[in-house]
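Asker: First, the structure itself, so that you have it in front of you.
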Amino acid sequence: MSSVSPSLSLVEPVQLAVRGMTCAACVGRVERALRKVPGVQEAQVNFATEIASVTWRPEASAPNPAGLVSAVEDAGYHALIQQPDAPVVEEVVPWWDVWGAVILGGVASLPLVLPMLWGAHHFWPAWVQFALATPVQFGLGARFYKAGWAALKDGSGNMDQLVALGTSAAWGLSCWLWWTHAQSAHAAHGGPDLYFESSAVVITLVLLGKALEARAKRQTTAAIRALQALRPDTVSRLGPQGEVTVPLSQVLVGDTLIVRPGERIPTDGTVTEGASHVDEAMLTGEPLPVAKNQGDRLTGGAINAEGRLVMLVTAVGGQTMLAHIIRRVVDAQATKAPIQRVVDRVSAVFVPTVLVVALLTGLGWWWHGAGGELALIRAVAVLVIACPCALGLATPAAIMAGTGAAARQGILIKDPQALEVAHRVQVVAFDKTGTLTQGHPRLIDWQVAQMTSMPSIPDWDKPQALRVAAALQAGSEHPLARAVLEAAKGQAPLAAQAVQAMPGRGVVGRLSEAGGDAAGLLALSGNWGLGSARWVDEQASPVTPALKAQADAWAACGSTVSWLMRQTQVADGEPAWQVMAAMAFGDELKPGAAQTVARLHALKVRTVMISGDNRGAAQAMASRLGIQQVVAEVLPGDKADHIQRLQQGEGGQRLTVAMVGDGLNDAPALAAADVGMAMANPEGGTDVALQAAGITLMRGDPMLVPAALEISRRTSAKIWQNLAWAFGYNVVGIPLAAFGGLNPMLAGAAMALSSVSVVTNALWLSRWKPARIA
């Protein structure tokens, strides 16, 4: 059935596509079989996706993925290894294979049912009923005998056993009544009441339910199929022989590709020639096309709207952003939610319990004088109506639909654990820069210190201060560094040596005569630093009153203030830092930032801002947004500690906290939070975001934060609705059948309806769209 690729990484979890499972009890059977394979640490099987995820023990010397396939097939199912970087490919099943058995069963069962509707229960002769019911029982129903027998040999129970036992009992009772009546003295005076129609109709209804269930399950995987469809089959590659059309699988990193208007971007890369607008809606949920020019990043799967683009390939195959997105959605749908583990334990004892209840039902009716015929019919009804399928589908169907709907809106959920926790979030902590603000600060103003005596720098002024700051920031990718360099364009450049970043504080470097612009540089030579107010305080650097007043005024208006310092020699010979200038940086709020906070407050979620900025700037920005609690002047490494303090709450009450950051320097805080939400940014860091957070927001729209909480709450509600229906159905249906309220045919119809209704209820999540506030 399967071959194992040599490239399969044995150190990574292995995923298998498992075919042939019919109910939740089959899940436990496959998991037990996989866990018996040497080297396997854990095995999880998702009934809705039919995917098994296997984790190896760290000490396993030679894991054998082929042994997993053998174990599954020995258990009576079929398995196929999924390649690590390949998305789940849907198994194409011919239409007749799905619906053919239902149609044939309906054709044979309808003549048996119609006389009942007309009030003539034994309208057809017994031999006609036998001829119609027997092919359905042992032909179309053969699958139930095979699967039931395989489970029995494994020492477990499943739905197939219930169907096979129940329908066989109805068919066997009918044959017995037919034979005994033919031998009696009353054979010439009409026939007995037979139950061939019950066996045929129940099997047909179960097959119908399975067909509808498969169709509904296919709709829950629509998000994955839509993402898979974003990959073009062929691309136009530019080489020595000119433009050549090649399969996408032959493209390598470093290739040059041509993308014409209307074509999909085949893989990740950068624009080397041309300009256009690109539609990234399927990847990020962003409805408006994004302008792309030379040097801009392109993401595979997006649509080139207008201009011709030439791109340099930077990632292919499983390393592309589209592959990461697909893998994230697949992993989320393949992993079990915590509540599902409880359901699986219930399902494991469900079938044996039902068999005992059916036996007691039959014995009870027979004990009270109902006769063996009626007692057997009541027991058959109990066997047929009990259905563990709805229990097995309740949680995964809702998770599949919820994660798929979220992915279409640009919200990637790592696993069901994140989904389950997110709906309980009580506090959302925001990083400021790049999350609530644009992340593109600009240098608004700067002032130099006015000293009464500064013999070493006689002409110290604003242009010189800007040149020194630009020298320190040259080559840095920090947003404030880019703002300084942008403001210094046109100035005579200086060069700094031994530049070193001080995390959470700033940057230091040295200017010397060899640094360029020798004329006048001698006065500027020495060690310089550009950093935060925290650094100034730590160094106990004096600030002139006028400069301090100006900095306070900038901070009160929401600006971020950085300080330019120079290391000098003091009287005792020890070097000290002297503040030479202050610089004010401003950043604009993202569109929708204030609406995001308002929406979270409407959801009864408290908001907190955690920022490395000075308190004045952070407080001013928080006031504009409506955020009440501000934690300012925090080092990146200390953000995690503040998250833990928020989790402790007040009065010893543990709070569920979500952290929203850009996924770059917020990784410790994202990991410390109950739910980490990483907001991807166009300048990079998306790969870090995908690894660091439980939820990744694929575009920089802060409104995705409340949207993620909303879809989590809706999905959680659907899970509990489905579980309530599945448990309630069995709790009500089994006693009803046991006390004679349902005959086998109605029980079979109810069983089919239970699974279909659970999946259909989950599919309502596919229509979800995030709420907007005007």
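The values are calculated or read from the model by the stated rules, or taken from the named source; none is laboratory data. These figures come from a predicted structure and were not determined experimentally. Here the Cβ positions follow ideal geometry from the backbone for every residue, glycine too, while neighbour counts run over all protein chains shown. Calculation scope for accessible area: heavy atoms of the full protein, side chains included, ligands and nucleic acids excluded. Shrake-Rupley method; radii C 1.70, N 1.55, O 1.52, S 1.80 Å.
Asker: Return the total of residues in region 21-35 being part of a loop (DSSP other than H, G, I, E, B) and in contact with a Lys or Arg (Cβ under 9 Å, 6 or more places away or on another chain).
Answerer: Residues that pass the stated criteria total 2.
Quick grid of which residues meet (1) part of a loop (DSSP other than H, G, I, E, B); (2) open to solvent by 10 Å² or more (accessible area, probe 1.4 Å); (3) closer than 30 Å to Ala594 by Cβ:
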| site | (1), (2), (3) |
| --- | --- |
| Glu710 | no, yes, yes |
| Trp720 | no, yes, no |
| Ala724 | no, yes, no |
| Gly728 | no, yes, no |
| Ile734 | no, yes, no |
| Gly741 | yes, yes, no |
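Asker: Moving on. Looking for whichever is of a type in the set (A, V, I, L, M, F, W, C) and open to solvent by less than 30 Å² (accessible area, probe 1.4 Å) here; the options are Ala622, Ala598. Which one fits?
Answerer: Result of the check over Ala622, Ala598: Ala622.
Asker: Looking only at strands (runs of 3 or more DSSP E) that lie completely in region 531-626, which have at least 2 residues being under 47 Å from the mean Cα position of the chain (by Cα), closer than 30 Å to Gly649 by Cα and touching a residue at least 24 places away in the same chain (Cβ under 8 Å)?
Answerer: Per the criteria, 606-610.
Asker: Output the number of the condition that Gln653 fails; it satisfies all remaining conditions of (1) buried (at least 18 other Cβ atoms within 10 Å of the Cβ); (2) modelled with pLDDT under 90; (3) of a type in the set (S, T, N, Q).
Answerer: (1)
Okay, residues lined up against (1) at pLDDT below 75; (2) within 30 Å of Gly402 (Cα to Cα):
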position: Leu165; (1), (2): no, no
position: Arg225; (1), (2): yes, yes
position: Leu230; (1), (2): no, yes
position: Pro240; (1), (2): no, no
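Yes/no per residue for (1) more than 17 Å from Phe47 (Cβ to Cβ); (2) not in a helix (DSSP H, G or I):
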| residue | (1), (2) |
| --- | --- |
| Leu391 | no, no |
| Leu412 | yes, yes |
| Gln417 | yes, no |
| Glu420 | yes, no |
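Asker: When residues of region 36-74 are filtered for being modelled with pLDDT of 85 or more, part of a loop (DSSP other than H, G, I, E, B) and closer than 18 Å to Ser156 by Cβ, how many remain?
Answerer: Number satisfying all stated conditions: 2.
Asker: Which one of Gly369, Gly364 is open to solvent by 10 Å² or more (accessible area, probe 1.4 Å), modelled with pLDDT of 80 or more and not in a helix (DSSP H, G or I)?
Answerer: Of Gly369, Gly364, the one residue that is open to solvent by 10 Å² or more (accessible area, probe 1.4 Å), modelled with pLDDT of 80 or more and not in a helix (DSSP H, G or I) is Gly369.
Asker: Which residue out of Met609, Met583 is in contact with a helix residue (DSSP H, G or I) (Cβ under 8 Å, 6 or more places away or on another chain), more than 14 Å from Thr437 (Cβ to Cβ) and open to solvent by less than 20 Å² (accessible area, probe 1.4 Å)?
Answerer: Met583
Asker: Still on this model: Within region 743-764, restricting attention to residues that are among the polar types (S, T, N, Q) and in contact with a Phe, Trp or Tyr (Cβ under 8 Å, 6 or more places away or on another chain), which residue is least open to solvent (accessible area, probe 1.4 Å)?
Answerer: So, considering only residues that are among the polar types (S, T, N, Q) and in contact with a Phe, Trp or Tyr (Cβ under 8 Å, 6 or more places away or on another chain), the one least open to solvent (accessible area, probe 1.4 Å) is Ser754.
Asker: List every residue pair whose Cβ atoms lie under 7 Å apart, where the two residues are 6 or more positions apart in sequence or sit on different chains, the first residue falls within region 13-27 and is free of Cβ contacts under 8 Å to residues at least 40 places away in the same chain, and the second residue, located anywhere, is in a helix (DSSP H, G or I).
Answerer: So the pair list comes out empty.
Asker: In addition: Any residue at all in region 428-437 that is part of a helix (DSSP H, G or I), under 23 Å from Lys590 (Cα atoms) and at pLDDT below 85?
Answerer: no
Asker: Sticking with this structure for a sec: When you go through (1) open to solvent by 60 Å² or more (accessible area, probe 1.4 Å); (2) under 30 Å from Gly592 (Cα atoms) one by one for Gly404, which number turns out not to apply?
Answerer: The failed condition is (1).
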